[in-house]
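A short write-up of the structure that comes next.
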Amino acid sequence: MAHDVQELAEEDLELESVTVCGRRFGIHRRRSNGIPAADATGLVLWECALLLAEYLGYGLWRDTSDARSTTSLTWWQLHPPAPVVPARFWRSQPAVLELGGGCGLVTLALKSLGARVVYTDGDAAALRLAQRNLRAETSETQHRCHFRRLRFGDQAAAKTLLTELGPFGHVVGSDLVYGAEKSRRCALLDTLQALAEAQEMLEVKGSRTAAPFLVTLAIKNRCCNEVELLVKEALEREIWTLRCAESRSLPESFQQEAEAFYGPPGRPSYCVVHLRFQRLEPPSKKRRT
């Protein structure tokens, strides 16, 4: 059973000062005392949370995610790091949904840039820890951030979440897959598909303005080529267009190849994967084809 944050002794948590997007945050997390138990991974501050927060906060994805873009420079190369500029973008967007948010760093970073964020995690203890971290950093958490428990694979809960708090302009997540085990990847993809289809149905009914359903995931190749496996299984569903960000578009500290037993040799250690939902065809169009 996962630990309840309220029952954790103070010596079980430590406060880490983290700087992302030009801003410094204090994050309570599980003490670094070796490999965490499988039921406590949500209490750990993983590296990909730092990667995703920087990548989203500085808008590294904005030019290359648009197929019409002709520039070879990424957004951050054209605009020196200045959190004020990305804030203009995030304040104007629909809500952002974070899956498997853990300690809450990505949610906190996006919220600091003005985004409206819905934080989710399948671990109730992680959810409470994230709430604690956000309360410690801001007094406005309740106004622009919602917290919900969501387990991967629970498609009914995913659809309910979208109906209540969507639509979502972006769905993001970090370190959501690990190893060669297929069941967790399938559960993640099931959840993403349920969210995308629910948002599509809202738009078909005319209750929402049509917008692309965009997913950005930061992944580390730890035990195998987790990125390749997820990409392969996502494409097999034939509902996603997919792009892996070029290594040079990642923050410099994450531009490295896998080493030792961490991932396949010669492949990137870290990767950001973008998925875009292919809009459902109207029934009449399917009949004609």
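List of remarks:
- Yes/no for A2 being more than 19 Å from P251 (Cα to Cα), aliphatic (A, V, I, L, M), modelled with pLDDT under 90 and loosely packed, with under 12 Cβ neighbours inside 10 Å: no
- Cβ separations smaller than 9 Å between residues 6+ apart or across chains give the following pairs from segment 34-51 residues that are under 13 Å from A126 (Cα atoms) and surrounded by 15 or more Cβ atoms within 10 Å (Cβ to Cβ) to residues that are among the aromatic types (F, W, Y) and at pLDDT 75 or above: T41/Y178.
- Leading residue by the ranking (nearest to Y178 (Cα to Cα)) among those in segment 7-55 that are assigned to a loop (DSSP other than H, G, I, E, B) and at pLDDT 90 or above: W46
- Residue check, T191 part of a helix (DSSP H, G or I), of a type in the set (V, I, T) and farther than 21 Å from T41 by Cα: no
- From the options L214, L161, L134, residue that is touching a Ser or Thr at 6+ places or on another chain (Cβ under 9 Å) and modelled with pLDDT of 95 or more: L161
- Entry remark, segment 101-122: residues being among the charged types (D, E, K, R) and either at pLDDT 95 or above or in contact with a Phe, Trp or Tyr (Cβ under 7 Å, 6 or more places away or on another chain) (or both) number 1 in total.
- Exactly one residue out of A156, A136 is closer than 25 Å to E236 by Cβ, among the aliphatic types (A, V, I, L, M) and part of a helix (DSSP H, G or I), and it is A156.
- Test: residue in segment 243-256 that is within 24 Å of L43 (Cβ to Cβ) and either surrounded by 14 or more Cβ atoms within 10 Å (Cβ to Cβ) or charged (D, E, K, R) (or both): yes
- Consider segment 227-242 and keep the residues that are in contact with a strand residue (DSSP E or B) (Cβ under 6 Å, 6 or more places away or on another chain) and either modelled with pLDDT under 95 or in a loop (DSSP other than H, G, I, E, B) (or both). The one that is surrounded by the most Cβ atoms within 10 Å (Cβ to Cβ) is V227.
- The set of residues in segment 164-194 that are among the charged types (D, E, K, R) and at pLDDT 90 or above comprises E164, D175, K182, R184, R185, D190.
- Among the residues making up segment 244-256, those that are without any contact (Cβ under 8 Å) to a residue 40 or more places away in the chain and in contact with a helix residue (DSSP H, G or I) (Cβ under 9 Å, 6 or more places away or on another chain) are C244, S247, S253, Q255, Q256.
The values are calculated or read from the model by the stated rules, or taken from the named source; none is laboratory data. Since this is a predicted model, take the numbers as computed values, not measurements. Positions of Cβ are generated from backbone atoms using ideal geometry, with glycine treated the same way; all protein chains shown enter the neighbour counts.
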